[in-house]
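Worksheet for the structure shown next.
The values are calculated or read from the model by the stated rules, or taken from the named source; none is laboratory data. Only a predicted model underlies this, so the values are computations on that prediction, with no experimental measurement involved. Note that we place each Cβ from the backbone using ideal geometry, even for glycine, and neighbour counts take in every protein chain shown. To get the accessible areas, we keep the full protein, side chains included, count just its heavy atoms, and leave off ligands, DNA and RNA. Shrake-Rupley method; radii C 1.70, N 1.55, O 1.52, S 1.80 Å.
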Amino acid sequence: MTAPEDRLMARALALAERGLFTTTPNPRVGCVIARGGEIIGEGWHERAGGPHAEVAALADARARGHDPAGATLYCTLEPCAHSGRTPPCTDAIVAARVARVVAAMGDPNPEAAHGAQALRAAGIAVDVGLMEREARSLNCGFVSRVTRGRPWVRMKVAASLDGRTALADGASRWITGAEARADGHAFRARACAIVTGIGTVLADDPELTVRAVATTRQPLRVVVDRRGQTPPHAKVLRGGALVVTADARPAAWPAIVEHLALPDAKGRVDLGTLLRALAARGCNEAHVEAGARLNAALLEAGLVDEVLAYVAPSLIGDPARGVAQRRDPLASLDARVRLAFDDVARVGDDIRIRARILGRN
């Protein structure tokens, strides 16, 4: 594979990103059809039930007056070989007499996999693995759901340079600037669920909606509320939300509010079961905006995959609140949560850091 092919796959990945907020529960997929290095058709998957990227690209090529026969098709995910809401993409590719398919990654969904095998059986050359890391990153949530049975969990924090997220009395508006807050809304929009804890609800009364960026859907709002203390007039409940407790549902909550009782052996909310329940609803990415206690509980349970941190150019000092408040102190530094920085960028006056928890996919 050559540098020009990198360019074509990069274009397919850029097309896939157009479905960043809309494809759930399906993966984000882009496709480019090229002949002699020149693009003759392109497309992306916009939403579940709509045309897949490959079918859209084939239609685009024909609309431009090009016959895709003998061309090379570049797609960010192995074409599907099963009938779901739409027919198999492999059938459309074979019918179009495409000569070669280059896929960034194999399909992790066992129901849709084996597309490469079906294409090869039809005499089409197939290569898999070009820009695989970028493709897996774009669909980290989809991969997590179909392989691990739970969403990709992204924990968002906004902190001062010394790691303080709020004053001792809980005041935190605003540590970071408007640009960072808008950027955080873009990560809300790409998620399927926004998860918070009762402490945040009582302290800040947040809406937890996407407002700073344009989107056609709002993620499910989820409140982890062990004792059912969420006030019935809380903003997070307006329009519907899922509240998860360890006890029975309070009678005062509006009927539009969903409820799950998921107690663990210690009478707390079973966070692992909650994530599996979200995956069963087709949730690919869960975006956590919570306080130090829920953050720590998720980290201690090994349920966080990525930290999205906005760091402000300020110092707060102690006493103040930190990112995670453990129930028990660490016995040694060897027990600390280790991260790998994936990306560091300037956002307004603040710094955005994306870091993966080491040892996770």
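Any residue in the range 120-132 that is at pLDDT 95 or above, open to solvent by less than 40 Å² (accessible area, probe 1.4 Å) and touching a helix residue (DSSP H, G or I) at 6+ places or on another chain (Cβ under 6 Å)? Looking for residues that are at pLDDT 95 or above, open to solvent by less than 40 Å² (accessible area, probe 1.4 Å) and touching a helix residue (DSSP H, G or I) at 6+ places or on another chain (Cβ under 6 Å), one finds at least one in the range 120-132, hence yes. Under the condition of being in contact with a Leu (Cβ under 6 Å, 6 or more places away or on another chain) and open to solvent by 40 Å² or more (accessible area, probe 1.4 Å), the residues counted in the range 316-333 number 1.
Looking at A189, A203, A193, A212, just one residue is touching a Phe, Trp or Tyr at 6+ places or on another chain (Cβ under 8 Å) and aliphatic (A, V, I, L, M), and that residue is A189. Being in contact with a strand residue (DSSP E or B) (Cβ under 8 Å, 6 or more places away or on another chain), assigned to a loop (DSSP other than H, G, I, E, B) and either touching a residue at least 40 places away in the same chain (Cβ under 8 Å) or not charged (D, E, K, R) (or both) holds for only one residue in L119, L73, L130, and it is L130. Just one residue in the set L220, L208 is within 25 Å of R164 (Cβ to Cβ) and in contact (Cβ under 8 Å) with a residue 24 or more places away in the chain; that residue is L208. Counting only residues that are at positive phi and either without any contact (Cβ under 8 Å) to a residue 12 or more places away in the chain or under 20 Å from the mean Cα position of the chain (by Cα) (or both), the range 288-318 holds 1 of them.
Counting residues that are within 23 Å of the chain's Cα centre (by Cα) and closer than 29 Å to I175 by Cα, which strands (runs of 3 or more DSSP E) fully inside the range 189-273 reach at least 1?
In the range 189-273, the matching strands (runs of 3 or more DSSP E) lie at 193-197, 220-224, 242-245.
Among the residues of the range 263-293, those identified as open to solvent by 50 Å² or more (accessible area, probe 1.4 Å) and among the small types (G, A, S) are A265, A280.
Scanning the range 345-361 for residues that are hydrophobic (A, V, I, L, M, F, W, C) and in a loop (DSSP other than H, G, I, E, B) turns up just one, L358.
For S172, the conditions (1) of a type outside the set (A, V, I, L, M); (2) closer than 24 Å to R354 by Cβ; (3) touching a residue at least 24 places away in the same chain (Cβ under 8 Å); (4) part of a helix (DSSP H, G or I) all hold with the exception of (4).
Looking only at residues in the range 222-252 that are of a type in the set (D, E, K, R) and touching a strand residue (DSSP E or B) at 6+ places or on another chain (Cβ under 8 Å), the one that is least open to solvent (accessible area, probe 1.4 Å) is D225.
The residue pairs whose first member lies in the range 319-344 and is in a strand (DSSP E or B), whose second member is among the basic types (K, R), and whose beta carbons are closer than 6 Å, counting only pairs six or more residues apart or on different chains, are A320/R164; A340/R356; D342/R354; D342/R356; D343/R354. As a summary of the residue check, G149 satisfies the conditions (1) buried (at least 16 other Cβ atoms within 10 Å of the Cβ); (2) within 15 Å of P25 (Cα to Cα) except for the one numbered (1). For the range 89-119, the set of residues classified as surrounded by 24 or more Cβ atoms within 10 Å (Cβ to Cβ) and over 16 Å from V32 (Cα atoms) consists of D107, G115, L119, listed by residue number.
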